[in-house]
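Worksheet for the structure shown next.
The values are calculated or read from the model by the stated rules, or taken from the named source; none is laboratory data. Since we're looking at a predicted model, the values are computed, not measured. Backbone-built Cβ (ideal geometry, glycine too); neighbour counts: all protein chains shown.
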Amino acid sequence: MDFGRSRISPRCFMGCRTHNVRTYLFTFMVFYLLVCTEGSYSKTCDKNCIYGRCVNGTCVCEQGWTGDQCQHCQGRFKLTESSGSLTDGPVNYKYKTKCTWLIEGYPNAVLRLRFNHFATECSWDHMYVFDGDSIYAPLVAVFSGLVVPETKGNETIPEVVTTSGYALLHFFSDAAYNLTGFNIFYSINSCPNNCSGHGRCTTGNSISSSVYCECERYWKGEACDIRYCWDDCGSPDRGYCDLTGEKLCVCNDSWQGPDCSLKVPSAESYWFLPNVKPDGQSLGRASHKAVVHGKLMWVIGGFTFNYSSFQMVMNYNLESSTWDVVPINGGPLQRYGHSLALHKDVIYMFGGKLEAGFGNVTDELWLFDTHSRTWSLRTPSPGLQAQQFAVEGHTAHIVDNKNGEPIMVVLFGYSPIYSYLSHVQEYKIRTNSWSVAETNGALVQGGYGHSSVYDSSSHSIYVHGGYKALPASKHGLVDHLYRYQVHTHTWFILKESGLARYLHSAVLISGVLLVFGGNTHNDTSLSNGAKCFSSDFLSYDIVSHTPDVKVHDKMKCQVVCYNYLSNICMLKKKKKKKKKKRKKKK
């Protein structure tokens, strides 16, 4: 009897079995693709895809990233959050990198960029910051080199501010060597440096209201980063703290210094930051020149990013600590890398690189009358054969020649036609004529960006450092120290300190040549840790001819850019103690 079991023919049995096998094979293949392939993927992608995902054993990078692990930036990024960060990647950036970030806020918002870490090849790998959404917006900052504090607590982390509500950052590196790159934090409508931990960030009720810091006691400044009245100024013995006015120490007659801790006279030198009154003008500039006449320091020319609000001539009152913009109709074009020299009440400005036109180095001589505040162009007298070179990065001094006549001595410089000059040019003020001095003595080599000072007692000019041509068609920094005797036109080579630099500054005080700052970076193919810009102090005694190096660890003057004027730091030098004469024994 049949209990319901259906009879299957041999033909149906074979067909159905084949169908089941096919179904099994299909299911197995799907399982293999989903499971086994996934297992092989994880084994071959043993390196983490940092800014991407791994597909078939290869990292597929997100937009703007490249590299076998998607570890290098190379492209464009758009950031729309109210705060965040941007970086070149977790490792050293690669050669020939080009990366661009657009931070979008909203119109007229204040956007702050905080450079928590920045390390690139000095003078070659740059980060450009534009106040807007394109490269045609105003350029507000360019960073290169190592932007880190010299000592812990000595400097605040740099911060860049844009006011359009947008910021465009572009990073470029060349084909030499690379460093660790950068990590930049940004925020919209936040307080500067988060009030440095010494204040409270306060904002208005409306979205367009500005934010500002309410500083704690004994802290001041926009970011509450300036400490005042240390140790309560040593009250009551050494001084007292002015809490209502300038917020600084007022020292008693026998004490001095920012905290009234140094006796009068002081046994040591010290830096202090004048309490400069704001004037609303843009002071930032580089490769400018300055001369002091009476109580005024005149600042003329210089390189800046935005010339729309740039002032060619400004002065700083040393007594009142105030800036004054000098409005002038007409006069010279904007320039930098020129020289200034003072004679009576007139400032002589010679040479420099003009902003109008590429590679335009001039031989113009302009005179600025400090009383009438007017410019006049001085051309050589007709009929006189002029020997004159157009240069930039030179120095000049107005001195008396051996006949007692005032002349302007122009030393070295760079010429786009003749390269680095070793000539000494002389301009005779009385006859309005130019000539090249026939020098003797040591064979010296001229360059760009050196410093020089004049010693009236010996009628000598001391020249230090610079950027010069080297053997084997190379160029680099030097630490040459020369002395030029004006009356005899004689050169002398003096002892070097071993610390090369250019674009630094120098002064002569009480027979001591003081050299400060400058660009000390001389690495070309690999990094040896050379700093871009130095805060070293070098001193050279012109009487005993002995060099010395002073590195001021307690320096309160921020050193970020060479030759760049945005703040004023002043150094008060210690006074030499008078030696007591021994009494002769009877």
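Here are the numbers:
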{"item": "Residues that are under 15 Å from Lys353 (Cβ atoms) and assigned to a strand (DSSP E or B), drawn from the stretch 294-307", "result": "Ile300, Phe303"}
{"item": "Options Arg335, Arg373; residue that is farther than 28 Å from Ser460 by Cβ and surrounded by 21 or more Cβ atoms within 10 Å (Cβ to Cβ)", "result": "Arg335"}
{"item": "Among the candidates Leu342, Leu296, Leu273, residue that is of a type outside the set (Asp, Glu), at pLDDT 90 or above and over 25 Å from Trp434 (Cα atoms)", "result": "Leu296"}
{"item": "Residue in the stretch 361-370 that is surrounded by 19 or more Cβ atoms within 10 Å (Cβ to Cβ), without any contact (Cβ under 8 Å) to a residue 40 or more places away in the chain, assigned to a loop (DSSP other than H, G, I, E, B) and more than 21 Å from the chain's Cα centre (by Cα) present", "result": "yes"}
{"item": "Number of the condition not met by Lys474 [criteria: (1) over 26 Å from Leu342 (Cβ atoms); (2) surrounded by 14 or more Cβ atoms within 10 Å (Cβ to Cβ)]", "result": "(2)"}
{"item": "Filtered residue count, the stretch 186-212, keeping only those that are modelled with pLDDT of 90 or more, of a type in the set (A, V, I, L, M, F, W, C) and either surrounded by fewer than 16 Cβ atoms within 10 Å (Cβ to Cβ) or not assigned by TED's automatic domain parsing to the domain that holds Gly145 (or both)", "result": "1"}
{"item": "In the stretch 123-135, residue surrounded by the most Cβ atoms within 10 Å (Cβ to Cβ) [restricted to those that are in a loop (DSSP other than H, G, I, E, B) and in contact with a strand residue (DSSP E or B) (Cβ under 8 Å, 6 or more places away or on another chain)]", "result": "Asp125"}
{"item": "Count of residues meeting criterion [loosely packed, with under 13 Cβ neighbours inside 10 Å, assigned to a loop (DSSP other than H, G, I, E, B) and of a type in the set (D, E, K, R)] in the stretch 48-88", "result": "2"}
{"item": "Elements of type strands (runs of 3 or more DSSP E) contained in the stretch 480-586, each with 1 or more residues being modelled with pLDDT of 60 or more", "result": "481-485, 490-493, 505-509, 512-516, 536-541, 546-551"}
{"item": "Answer residue from the stretch 161-183, given it is part of a strand (DSSP E or B), among the hydrophobic types (A, V, I, L, M, F, W, C) and modelled with pLDDT under 95 and is nearest to Asn92 (Cα to Cα) among those", "result": "Phe182"}
{"item": "Hey, Ala109 closer than 19 Å to Asn193 by Cα, assigned to a loop (DSSP other than H, G, I, E, B) and of a type outside the set (Val, Ile, Thr) or not", "result": "yes"}
{"item": "Any hit, the stretch 331-348, residues being basic (Lys, Arg) and over 19 Å from Gly413 (Cβ atoms)", "result": "yes"}
{"item": "Hey, Ser460 out of contact with any Gly (no Cβ under 7 Å at 6 or more places or on another chain), under 26 Å from Ser497 (Cα atoms) and buried (at least 22 other Cβ atoms within 10 Å of the Cβ) or not", "result": "no"}
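Listed here are the residues, each with its yes/no results for (1) assigned to a loop (DSSP other than H, G, I, E, B); (2) crowded, with 17+ Cβ neighbours inside 10 Å.
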{"residue": "Cys249", "(1), (2)": "no, yes"}
{"residue": "Asp253", "(1), (2)": "yes, no"}
{"residue": "Val292", "(1), (2)": "no, no"}
{"residue": "Ser309", "(1), (2)": "yes, no"}
{"residue": "Met314", "(1), (2)": "no, yes"}
